[in-house]
Amino acid sequence: MTEGLTLRKVIEFAALTEEVGAGFYQRMAARFSDKPEVAAVFSQLAQDEKVHHAQFQSLLSSAPAAYDDLVEYERGQYLRAMAVSEFFAPNAGPFRDADQIKDADEALWRALELEKAALGYYRAIRDELGPSEAIDSIVATEKDHLLRLMKVVMTGAKFRSLQDVWP
């Protein structure tokens, strides 16, 4: 996200973040396959990220022409700051040295970081877009991920995801 920031680019970056997040979670599920409950957390998160990616893609496919207008400079800088500093800053963020993660607790804490970063970025998008059923749904799910991951990290509780089927 450099010059000429538009809402379309902001949402494209959110979709990319979900794609990268799903890949991260899939790698963690494979890395901790010897710990089925931990692997299940990451597998469920990966599936949920794929759902979010599809939601962002759907939002883009029905985006009005106004999404191609330049975002006002200061608001654009805020969106950039929320995205870049949270996700892809050198030596920081949930993806830093991901290939070096050996401990399940560290991986779960990184997932917590990622969900927290995503929640902040998507709230910034919602602030820019105004009311949006799609973004509100994604924000609600990210909040749920954050709370459930915190519970897993702190108590070892099981993680439940969007994939749950309720009677």
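Key figures for this structure:
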read-out: Of all residues making up the range 102-111, the number that are surrounded by fewer than 18 Cβ atoms within 10 Å (Cβ to Cβ) and either outside any helix (DSSP H, G or I) or modelled with pLDDT of 90 or more (or both); value: 2
read-out: Qualifying residues in the range 33-81 (those that are basic (Lys, Arg) and closer than 16 Å to Phe13 by Cβ) - the one farthest from the chain's Cα centre (by Cα); value: Arg75
read-out: Some residue of the range 60-73 being modelled with pLDDT of 90 or more, crowded, with 18+ Cβ neighbours inside 10 Å and under 19 Å from Glu142 (Cβ atoms); value: no
read-out: Index of the failed condition, Lys9 passing every other in (1) of a type in the set (D, E, K, R); (2) farther than 25 Å from Glu128 by Cβ; (3) crowded, with 18+ Cβ neighbours inside 10 Å; value: (2)
read-out: Leading residue by the ranking (nearest to Glu72 (Cα to Cα)) among those in the range 19-54 that are touching a residue at least 60 places away in the same chain (Cβ under 8 Å), buried (at least 20 other Cβ atoms within 10 Å of the Cβ) and not hydrophobic (A, V, I, L, M, F, W, C); value: His52
read-out: Which numbered condition Ala30 misses (of (1) more than 11 Å from the chain's Cα centre (by Cα); (2) closer than 25 Å to Asp127 by Cα; (3) not in a loop (DSSP other than H, G, I, E, B)); value: (2)
read-out: Residue match in the range 47-63 (condition: in a helix (DSSP H, G or I) and in contact with a strand residue (DSSP E or B) (Cβ under 7 Å, 6 or more places away or on another chain)); value: no
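The values are calculated or read from the model by the stated rules, or taken from the named source; none is laboratory data. Nothing here was measured: the structure is a model prediction, and the numbers come from that model. Note that we place each Cβ from the backbone using ideal geometry, even for glycine, and neighbour counts take in every protein chain shown.
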